[in-house]
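Here's the structure we're looking at; comments come further down.
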Amino acid sequence: MIKHQYDVVIIGAGGAGLRAALEIPEGFSCAVLSKVFPTRSHTGAAQGGIGAALGNEEEDSWEWHMFDTVKGSDYLGDQEATEIMAKDAIRAIIELEHMGMPFSRTPEGKIAQRRFGGHTRPEKPDDPDSKRVAVRRSCYSADRTGHVMLHTLYENCIKQKVHFFSEFFVTDLIMSGKSCAGVVAMDVATSEVHVFHAKAVMLATGGYGRVFRITSNAHVGTGDGFSFVYNNGLPLQDMEFVQFHPTGLWKLGILISEAARGEGGILLNNKGERFMERYAPTVKDLAPRDMVSRAIITEIREGRGFKGSDGTFYVHLDVSHLPKEVLNDKLPEITGFARTYLGVEPTREPIPVQPTAHYAMGGIPTTVDAEVTRDKKNTKVPGLYAAGEAACVSVHGANRLGTNSLLDLIVFGRRGGKAIAKFIKGAEFALLPEDAADRTLERIDHLMNSKGKEKVGPLRTELQERMMEKVGVFRNKKDLTEMTSEIKSLRERYREVSIDDKGKIFNTDLVEAIELGNLIDTAEPIIYGALVREESRGAHSREDFPKRDDKKWLKHTLVYKTDGKPKVDYKPVSITRFQPKERKY
Amino acid sequence: MYKHTGSRGSGAPGWVLQRITGLLLVIVVIGHYFVMHADPASGHTYAAVLERMHHPLWKMFDLTFITVGLWHGLNGTWGIFRDYKMKPAVSLTIYGVIILSGIAFWVLGVNTILSF
Amino acid sequence: MKVTLRIQRYNPERDSEPYYQEFIVEAGDEKERILDLLHQVKWKFDGTLTFRRSCAHGVCGSDGIRINGRNRLACSTLLRDVNYRKPIVIEPLPSIPIIKDLIVDMSDFYRKYEAVKPYMVNNSPPPEHERYQSNDDAEKLFESAKCILCACCTTSCPSSWSDDNYIGPAALLKAYRFVFDTRDEAADERLDAVDTPDGIWRCHTIFNCVEACPKEINLTWHISQLKKRLTEREM
Ligand SMILES: Cc1cc2nc3c(=O)[nH]c(=O)nc-3n(C[C@H](O)[C@H](O)[C@H](O)COP(=O)(O)OP(=O)(O)OC[C@H]3O[C@@H](n4cnc5c(N)ncnc54)[C@H](O)[C@@H]3O)c2cc1C
Ligand code: HEM
Ligand code: SF4
Ligand code: SF4
Ligand code: FES
């Protein structure tokens, strides 16, 4: 076992982790740990853009951005946090540009912006109550926005000589009393266990898409950060809100960005109808993701979908009417995906799409300065921070708008970094418990020596399929209750998992086995959150409770792990400017 | 890192010169072909050579040819060697052989041309 | 349908040198990704098979490998892109050290990337708004900014094979990305970094890298722009 001491340890080298690292002042030591090389983080997959009311293409204001985000969140987003994000967005994007991010440009040389689902402005700018129409708010770099943002941030980290531990797989947090004292990690190259003693730890571990069978997320999106927190007795917030993106490539889940619809693409059912006109008469295909996903599933259930060779159903996304220049210059990647993976020629044929698990609205509860909190009174956990998709500030509430996640990463990643910088100046190292690495060592030992009959691959597939069926776009009490016992039995079977690789060098078999444990840990609060929330709000849609219920449910859920059934608690929503209204588009 | 044999300056002039001399060679080689090889009967007699070589323009042509050709060929060859990692002693030897043979052939050639 | 994968295996804890092992896997149709088939091997037959991967759709650059003698991404190569009636030969990227099975040591590749100062340098105080740049100037960078650092190019380059100190096309491309950015002020330092005996002049326009790049980046064109820029500077 190898011990290190750093003032700050950041877990995760996606947008959130890297942005935070840039805030750690010289003179303090900072290590960034990532289970993949930094530029392989999933932020690089983001396509469409990053939202900010720059007003480069047409009039816009941060208040409209805030309103759209609150409305998009189905009023569950904390408005204090949302206001901070919408206001800071403008500075944050300019800063990215100054860091060197290559953006697409307007004719005047400003950052180009495009339309995106749920982002609107009042038709008459002086009358805030006039009809809302789509606005160009998404700053983009062709359809590789996340890729160039991730690279720009990593490049700036190299410039600042940030210290990276690449292919270090974090397995646990170290808690010392009520504070966080560091993390335990395994160097994948050697299987050596390392203990990182730190004054401050930031979790920027991204999402959990791989809990579901069809997902746009990377294979490494296994919700590790959620499981660390959950297993250390801390709560997870609003986990029932899982965003299903409406347009994943059929069968594969690979994302076809909303930018395709932002540039004019439309959805069609098997009758050739532009069905979104019925569900969202004003914004149509650019309605928020939860609505479009439900519309697609409804079309399919009512027999207006196409049946695929694998037995699943899809609808068509048609971009063939768009000018060739738009497809080639503004959407080159996604037209490429359709060509490469499905052999569909988007300039002529429609693209088969189906909803794909995409984003975790819920996560580790934090303050607006990324400080992790432990209860409904927002009591802080000293030394522990979280940002990015792993965190729940909460700005996305029950449904995230496109372009708001990349924004979340840089706004709250930076705020977290600044908060840490302040904290470490005054703080001492918390006492490092003797047994800090024991749980990890036991876990590794168990897996390496287990002779059980279960295998990682099939068990994971089973989890993913059950979650897709029972905790998908539409949910109901019966399915969810069944799922609570399924997850229990999956957890028991997980103890019987054995692996083939008994070696020490790059034992990815071992890594995947630990990741499966994390997936199961993460699935549990999703299921319990979904079961207790007896209403439909944003991405959480209960067939048995089809209406939003502000009287009872305008509150956040907090799920805690216990030895038996998880414990659920609630936290109020911060409402400042916008009172809840019915959400119509 | 480790020591290299040869010029320590920018590689740009060498690269451009290689291209320019390459281009010149096309022209010169075409000229050479017409004079020497286009008509198998002509150009090969001592008298013809003698007559040509007394003309200063032809002297210039041949001097250019030998200079450009040698430089291009040897610099190109050195370029190929440089693509390989070599012990300094080996690379120094090869470099030396290339430079010395370049000088030797050039002196020989220039001497021959000017002796007419 | 059944497909045979002939995979190069090497586990330093067990084997003295690499060997080949064949697996017969079941493919749904010819649109199956090679990555899915590798997963099938790992998840069904042999958990010790080791390779990197993450995004599974060609955006993260983790899974550059050699398939039937060509450097490609496992996740962006479908069965129909190769001759699957014969065993498909799968090997790690050539000419860099193998760590285990298909995993290679990328540290040298990253070191070369860092050598060209891969970050924007602009020491003049920034304006309050963005630094303006015409769309034409921005688009000159896009192709080079697409690079996912998969190393398919550098490991396919004959100059890299003969001299492992050669900086390689990927790093040169990164140098281009910043040298030609109208907002950058450190072009000279970067040009110095590539204008070395192991630098840009070791590129002989052989085009292997262009053929290998999964993001269809025309590396050679970008490298020749750099050569031109260097020549202008020196002459
Ligand atoms: C296909 C796709 C397209 C998207 N498009 C957009 C878009 O257009 N606009 C937008 O705003 N949002 C978009 N999103 C959402 C957005 O990209 C993500 O939410 C965001 O990038 C998450 O960033 P992150 O920094 O939180 O985490 P990630 O970028 O996922 O990074 C997680 C990091 O944590 C590390 N890590 C995780 N677990 C461990 C562990 N156990 N040990 C060590 N390290 C660990 C990983 O190595 C990685 O470095 C998209 C998402 C997807 C999937
Ligand atoms: C028609 C006449 C010729 C032309 C147009 C020509 C052109 C070129 C060019 C452009 C290069 C640079 C390649 C590069 O590095 O990018 C080159 C390299 C080279 N030339 Fe020539 N050349 C000609 C004749 C010759 C002759 C007659 C010789 C031999 C004596 C020769 C030997 C070389 C060698 C050895 C190289 C280096 C090869 C390399 O760098 O890959 N060339 N030539
Ligand atoms: S073009 Fe240059 S960099 Fe590319 S393979 Fe050829 S020699 Fe290597
Ligand atoms: S240039 Fe292409 S082949 Fe080379 S590292 Fe980048 S993406 Fe890979
Ligand atoms: S897995 Fe990301 S590029 Fe292939």
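For a quick protection proxy, order the peptides A:215-228, A:314-327 by their average other-Cβ count within 10 Å, most packed first.
Details: A:215-228: 27.9, A:314-327: 17.6.
Highest mean packing first, the order is A:215-228, A:314-327.
Potential lengthening of the chain between A:E582 and A:T461 amounts to 39.7 nm, from the contour at 0.36 nm per residue minus the alpha-carbon distance. A simple spin-label model places the labels of A:S574 and B:L114 8.9 nm from each other, with each point 7 Å out along Cα-to-Cβ. Each peptide in A:140-153, C:178-191 receives the mean, over its residues, of other Cβ atoms within 10 Å, and ordering these scores from highest gives A:140-153, C:178-191. Scanning residues 5 or more positions from A:L255 or on other chains, those with amide H under 5 Å from its amide H are A:L249, with H placed 1.01 Å from N in the peptide plane. Hydrodynamic estimate: the Kirkwood radius of the stretch C:107-234 over Cα pairs, inserted into Stokes-Einstein at 20 °C and 1.002 mPa s, corresponds to D of 144 µm²/s.
Between A:T282 and C:K86, the FRET efficiency estimated from the beta carbon spacing at R0 = 56 angstrom works out to 0.50.
Give a quick list of GluC sites (Glu not before Pro) in the stretch A:275-307 that DSSP marks as loop, anything other than H, G, I, E or B, with at most 16 other Cβ atoms within 10 Å. When the GluC sites (Glu not before Pro) of the stretch A:275-307 are filtered for loop state and at most 16 Cβ neighbours within 10 Å, A:E302 remain. Placing a label point 7 Å from the Cα of C:E22 along the Cα-to-Cβ line, the residues of the stretch C:57-91 whose backbone N sits under 15 Å from it are C:84-90. Put in order of Cβ neighbour count within 10 Å, fewest first, the listed residues C:Y176, A:Y75, C:Y132, A:Y385 become C:Y132, A:Y75, C:Y176, A:Y385. For helix B:88-114, what angle does its Cα long axis make with the longest principal axis of chain B, in degrees from 0 to 90 and rounded to 10? Roughly 20 degrees, rounded to the nearest 10. Taking 12 Å as the straight-line reach from the Cα of A:K571, the aspartates and glutamates in range (excluding those fewer than 8 positions away in the same chain) are A:D78, A:D238, A:D375. Over the stretch C:2-104, the ratio between the Cα radius of gyration and 2.2 N^0.38 Å evaluates to 0.99. Each residue of the stretch B:21-35 was assigned a 3J(HN,Hα) from its phi angle through the Karplus curve 6.51 cos²θ - 1.76 cosθ + 1.60 (θ = phi - 60°); the sequence is 5, x, 4, 4, 4, 4, 4, 5, 5, 4, x, 4, 4, 5, 5 Hz, with glycine and proline shown as x.
Using the Karplus relation 6.51 cos²θ - 1.76 cosθ + 1.60 with θ = phi - 60°, the per-residue 3J(HN,Hα) values for the stretch A:4-13 come to 10, 10, 9, 4, 10, 10, 10, 9, x, 10 Hz, with x marking Gly and Pro.
Close amide H partners of A:S141, meaning residues 5 or more places away or on another chain with modelled amide H under 5 Å apart, are A:S104. Relative to the 2.2 N^0.38 Å rule of thumb, the protein assembly as shown has a C-alpha radius of gyration ratio of 1.04.
Spherically averaged projected area of the convex hull of Cα atoms, the stretch A:246-356: 6.2 nm². Against chain A, whose longest principal axis is taken from its Cα atoms, helix A:508-532 shows a tilt of about 60°.
The residues neighbouring A:G225, those whose beta-carbon lies less than 14 Å from its own, together hold a net charge of -3 under the Lys/Arg +1, Asp/Glu -1 convention. For the stretch C:2-104, the relative contact order works out to 34 percent when only alpha carbon pairs closer than 8 Å and six or more residues apart are counted. Take each residue in C:140-146, count the other chain C-beta atoms within 10 Å of its C-beta, and the mean is 4. Close amide H contacts of A:G118 (hydrogens built in the peptide plane, cut-off under 5 Å, sequence separation of 5 or more or a different chain): none are found.
Taking every alpha-carbon pair under 8 Å whose residues sit at least 6 apart, the stretch A:51-129 reaches a relative contact order of 36 percent. Counting neighbouring beta carbons within 10 Å and listing from fewest to most, the residues A:V184, A:V133 come out as A:V133, A:V184.
Take each residue of peptide C:44-53, count the partner chain Cβ atoms within 10 Å of its Cβ, and average: the result is 6. The fraction of Cα-Cα pairs per 10 angstrom bin, counted from 0 for chain C, comes to 7, 30, 30, 19, 11, 3, 0 percent, rounded to whole percents.
Counting only other chain Cβ atoms within 10 Å of each residue's Cβ, the peptide A:99-107 averages 6.
Protection proxy ranking of A:122-129, A:230-237, A:399-406, A:106-113, by the mean of other Cβ atoms within 10 Å over each peptide's residues and highest first, is A:399-406, A:230-237, A:106-113, A:122-129. Here C:K31 is the anchor, and the lysines within straight C-alpha reach of less than 16 Å, apart from those fewer than 8 places off in the same chain, are A:K251, C:K2. For chain A, the longest principal axis of the Cα atoms and the long axis of helix A:477-494 meet at an angle of about 30 degrees.
Couplings 3J(HN,Hα) of the stretch A:158-175, computed from phi: 4, 4, 8, 6, 5, 8, 9, 10, 8, 6, 9, 9, 6, 10, 6, 8, 10, 9 Hz, in residue order, whole Hz [Karplus 6.51 cos²θ - 1.76 cosθ + 1.60, θ = phi - 60°; x for Gly and Pro]. Among the listed pairs A:K455/A:K547; A:K377/A:K551; A:K418/A:K470; A:K161/A:K502; A:K3/A:K502, those with a Cα-Cα distance over 32 Å are A:K455/A:K547; A:K418/A:K470; A:K161/A:K502.
Here, each number is a calculation from the coordinates, and none is a lab measurement. Treat the numbers as computed from the prediction; the structure is a model and nothing was measured. Note that each Cβ is placed from the backbone with ideal geometry, even for glycine, and that neighbours are counted across all protein chains shown.
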